[in-house]
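Where a number appears in this text, it was derived from the coordinates with a stated rule and is not lab data. Keep in mind it's a predicted model, so treat the numbers as computed, not measured. As a convention, Cβ positions derive from the backbone with ideal geometry for all residues, glycine included, and neighbour counts pool all protein chains shown.
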Amino acid sequence: MSATTVTSAVTSADTRIPLRGHLRHTGALLRRNLLWIRQDPESMFDALLMPVIFTLLFVYVFGGSIGKALGGGQQAYVQYVVPGLMAMTSLSMAQGVGTGFNQDFNSGVMDRFRSLPIGRGSVLFAKIAVELARMLIATAVLMVVGVLVGFDITHWAGLFAAVGLATLFASSIMWVFLTLGVIMKNAQSVQAMGFLTLFPLQFGSSIFAPTNSMPGWLRHFTDYNPMSGLADAARGLMNGGPVAHGLWVTLAWSVGITAVMAPIAIHKFRTKS
Amino acid sequence: MTRIDDNPVGGGHAVTVRGLVKHYGETKALDGVDLDVREGTVMGVLGPNGAGKTTLVRILSTLITPDAGRATVAGYDVVRQPRQLRRVIGLTGQYASVDEKLPGWENLYMIGRLLDLSRKDARARADELLERFSLTEAARRPASTYSGGMRRRLDLAASMIGRPAVLYLDEPTTGLDPRTRNEVWDEVKAMVGDGVTVLLTTQYMEEAEQLATELTVVDRGKVIANGGIEELKARVGGRTLRVRPVDPLQLRPLADMLDELGITGLATTTVDTESGTLLVPVLSDEQLTAVVGAVTARGITISSITTELPSLDEVFLSLTGHRASAPQDTVPADAREEVAV
């Protein structure tokens with residue numbers, strides 16, 4: 001074990017990491033995050049149980065009365081709420097990314113990573129990729145439960161388009177939670193901040209109920225809330241109906257949030273002392 | 001034995017630090033630090049909590065940037081060439097840590113891959129280092145189940161994956177029981193035997209004496225002494241003789257007498273009125289005998305006499321005339337906490 005071997009790894013003046021290097025680093029970090037799940041299977045409970053509980057709660061508690069208002073019954077509400085729950089799941093699962101990231105900082109693992117010659121982006125991308133995978137699992141569970149309680153998918157291609165849109169939105173909003181994870185002192189505060197953003201977005205939207213009975217001032221908010229956009233677009237894509245407005249609202253928010261928050265998250269991550 | 005030379009990138013120096021400054025608000029974590037670590041040596045950085053030791057290591061590992069001054073490691077500038085620098089360092093610290101949720105083997109394999117080893121090489125390196133640090137049995141268990149000593153050994157193994165030219169050990173045995181501490185010391189000595197340059201921070205004179213060849217003493221962000229460990233030990237008194245006269249009123253006259261005789265070490269004799277003892281620095285067995293002889297000749301009755309290595313406190317007392325600053329009052333023990341946004 002000699003000290004000279006290491007210099008062979010130094011690529012002279014070229015400090016850029018080749019793409020293959022980034023992929024290798026991200027892969028190693030992905031493996032780490034997957035091993036976490038194997039080591040601690042309970043960490044998957046939220047992804048597996050939340051969609052089940054929410055679907056059953058909303059369908060059987062509110063389904064009757066809101067369904068009547070929709071001009072049908074409980075079945076009409078299933079058709080309405082399952083795409084909405086897909087939007088809700090994407091945001092709820094995205095929120096978890098900040099907590100885990102914050103724990104890495106506090107446990108000192110992040111110092112180890114930051115003292116290694118890897119691109120700082122690798123750490124962020126690996127985290128996002130694993131959380132997106134968790135989100136997709138949660139979405140799959142949701143769709144299975146949805147179909148079991150009677151959800152009818154009219155357009156299968158639309159289902160995949162809706163999932164793609166939800167994934168896009170989740171990956172953009174994750175930059176916000178990653179930033180919180182970097183700048184906040186502990187995981188509890190990250191989680192608290194997460195819920196504070198979560199609730200108004202999810203409930204002040206068309207996820208659970210149509211917005212036409214809401215007061216005018218609130219409708220200004222709900223109409224341009226990305227949660228409404230995502231829920232409405234998912235409804236249109238899977239069941240037919242208007243898609244354009246929801247699609248544009250979701251796309252605009254996803255691109256806007258990523259453009260603003262990704263550089264901020266990366267900067268905060270780089271300069272964190 | 002001059003350690004500070006004028007050439008900032010002097011040959012043969014693995015680490016060169018010039019005028020390094022890092023302030024956290026009012027707190028001067030580093031206030032103009034100079035330091036040179038020659039290749040293949042172990043530099044001990046000795047100081048109390050809040051002296052700036054960890055800040056120094058964090059700057060030299062590119063985790064934070066200095067406010068002023070410059071530092072190079074293996075010829076790479078900490079600010080301008082962080083990526084090359086990260087290839088040649090290993091870090092074992094109070095903070096830089098392994099992933100507790102992952103098994104030992106997975107931790108080492110992951111770091112190997114992050115250091116661009118091939119899958120095969122990363123596997124082989126993980127096996128090899130686990131074997132070397134006697135962790136093969138525990139390879140598949142999550143690090144959270146490891147004992148304190150096993151954790152530190154895994155930390156050391158992790159920092160050795162990339163065969164670093166320079167290794168930082170930031171208080172490697174803080175919080176360990178004496179037996180485990182000896183275990184870690186043995187591992188570090190073996191690593192030094194392989195020719196790696198080590199920068200070791202510690203609060204314990206004993207640890208510095210065990211591991212370091214040269215020593216830099218820091219306090220409140222400033223270097224207050226540096227030199228070969230023998231030289232510094234001599235300056236603070238290679239050993240400390242603790243003499244307790246039966247009559248505390250004899251403390252002062254006894255101290256004066258010993259200083260007049262000039263038979264003690266380089267530092268002067270100190271009176272510790274709290275414990276009613278006299279701290280006499282001695283460099284050799286001859287001096288020790290002479291001191292005992294002088295005390296006896298004076299006809300002073302003593303109730304106890306012990307020898308000990310100088311503690312950090314005594315080192316400070318000898319070098320600065322004041323005790324090591326109480327970090328809780330003046331400097332936050334963990335400056336990082338203070339600046340987290």
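Which FRET efficiency, nearest 0.05, do B:Asp272 and B:Ser304 yield, Cβ-Cβ r, R0 22 Å?
0.95
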Percentage of interatomic Cα-Cα distances in chain B larger than 34 Å: 33 percent
query: Within 10 Å of each Cβ of B:85-93, how many other protein chain Cβ atoms are there on average?
result: 4
message: What does DSSP give for the range B:134-243 in terms of the percent of beta bridges that are antiparallel, rounded to the nearest 5?
response: 55 percent
query: What ranking of A:Met44, B:Met160 emerges when the number of other C-beta atoms within 10 Å of each C-beta is taken as an exposure proxy, fewest first?
result: A:Met44, B:Met160
message: In Å and on Cα atoms, what radius of gyration and Dmax does the range B:239-308 show?
response: 10.5, 29
Sum of side-chain charges, B:Asp186 neighbourhood, beta-carbon under 14 Å (Lys, Arg +1; Asp, Glu -1): +2
- line: Net charge (Lys, Arg +1; Asp, Glu -1) of residues whose beta-carbon lies under 15 Å from that of A:Gly158, A:Gly158 excluded, is -1
query: When the distances between all Cα atoms of chain A are binned every 5 Å from zero, what whole-number percent does each bin get?
result: 1, 6, 11, 16, 17, 14, 11, 9, 6, 4, 2, 1, 1, 1, 0, 0
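Before rounding to the nearest 500, sum -39500 (n - 2.57) across all DSSP H runs of length at least 4 in chain B and divide by the residue total; then give [θ] at 222 nm in deg cm²/dmol. Write out the running numbers ahead of the final one.
Working: 13 runs with 125 residues, N = 341.
Result for chain B: -10500 deg cm²/dmol, rounded to the nearest 500.
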message: Please compute, for peptide B:111-119, the average count of beta-carbon atoms on other protein chains lying within 10 Å of each residue's beta-carbon.
response: 6
Taking chain A and dividing mean pair separation by its residue count, relative contact order in percent (alpha carbons under 8 Å, at least six apart): 24 percent
message: Quick check on the protein assembly as shown: of the DSSP beta bridges with both residues there, what percent are antiparallel, nearest 5%?
response: 65 percent
query: Of the peptides B:268-278, B:187-197, A:170-180, how do they stack up when ordered by the mean number of other Cβ atoms within 10 Å, highest first?
result: A:170-180, B:187-197, B:268-278
message: Loop-only trypsin sites (Lys or Arg not before Pro) in the range B:22-55, please: DSSP not H, G, I, E or B, and at most 12 other Cβ atoms within 10 Å.
response: none
message: Rounding to the nearest 10 and keeping the result within 0 to 90°, find how far the Cα-based axis of helix B:148-160 lies from the longest principal axis of chain B.
response: 60 degrees
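Which of the helices in chain A meet the span-like rule: DSSP H, Cα axial reach of 27 Å or more, Kyte-Doolittle mean at least 0.5?
Working: long enough: A:19-39 (30 Å, -0.44); A:74-107 (48 Å, 0.10); A:120-148 (43 Å, 1.73); A:156-183 (41 Å, 1.93); A:244-271 (40 Å, 0.91).
Sorted by number, the helices that extend far enough and score high enough are A:120-148, A:156-183, A:244-271.
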field: Crossing angle, helix B:119-132 versus chain B [Cα axis fit, 0-90 degrees, rounded to tens]
entry: 30 degrees
- line: In whole angstrom, the spacing between the Cα centers of the range A:237-260 and the range A:81-157 equals 19 Å
message: Net charge around A:Leu30, counting only other residues with Cβ within less than 12 Å of its Cβ (Lys, Arg = +1; Asp, Glu = -1)?
response: +4
- request: Using a 10 Å cut-off on Cβ to Cβ distances, tally the other chain neighbours for every residue of A:35-42 and report the average as a whole number.
  value: 3
- request: Would you work out the relative contact order for chain B, in percent, from Cα pairs under 8 angstrom that are 6 or more residues apart?
  value: 20 percent
Ranked by how many other beta carbons lie within 10 Å on average, peptides B:291-304, A:24-37, A:57-70 from highest: A:24-37, A:57-70, B:291-304
- prompt: Straight-line reach from A:Lys127: which aspartates and glutamates have a Cα under 12 Å away, not including same-chain ones fewer than 8 places off?
  reply: A:Asp104
field: Most mobile of B:Tyr24, B:Tyr76, B:Tyr204 in a GNM of chain B (Cα contacts under 10 Å)
entry: B:Tyr24
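Please order B:Tyr146, A:Tyr80 by the number of other Cβ within 10 Å, starting at the fewest.
Working: B:Tyr146 19, A:Tyr80 25.
Ordered by Cβ neighbours within 10 Å, fewest first: B:Tyr146, A:Tyr80.
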field: Residues of type lysines that B:Lys53 reaches as a straight line, Cα spacing below 17 Å, ignoring anything fewer than 8 places off in the same chain
entry: B:Lys22, B:Lys28, B:Lys222
field: Highest-MSF residue in chain B out of B:Gly175, B:Gly149, B:Gly50 [GNM, Cα springs under 10 Å]
entry: B:Gly175
field: Mean Cβ neighbour count within 10 Å, used as a protection proxy, ranking B:101-110, A:150-159 highest first
entry: B:101-110, A:150-159
task: Indicate, rounded to the nearest 5 percent, the antiparallel portion of the DSSP beta bridges found entirely in the range B:13-233.
output: 55 percent
- prompt: D for the protein assembly as shown, whole µm²/s, Stokes-Einstein with Kirkwood Rh over alpha-carbon pairs at 4 °C and 1.567 mPa s: what number?
  reply: 46 µm²/s
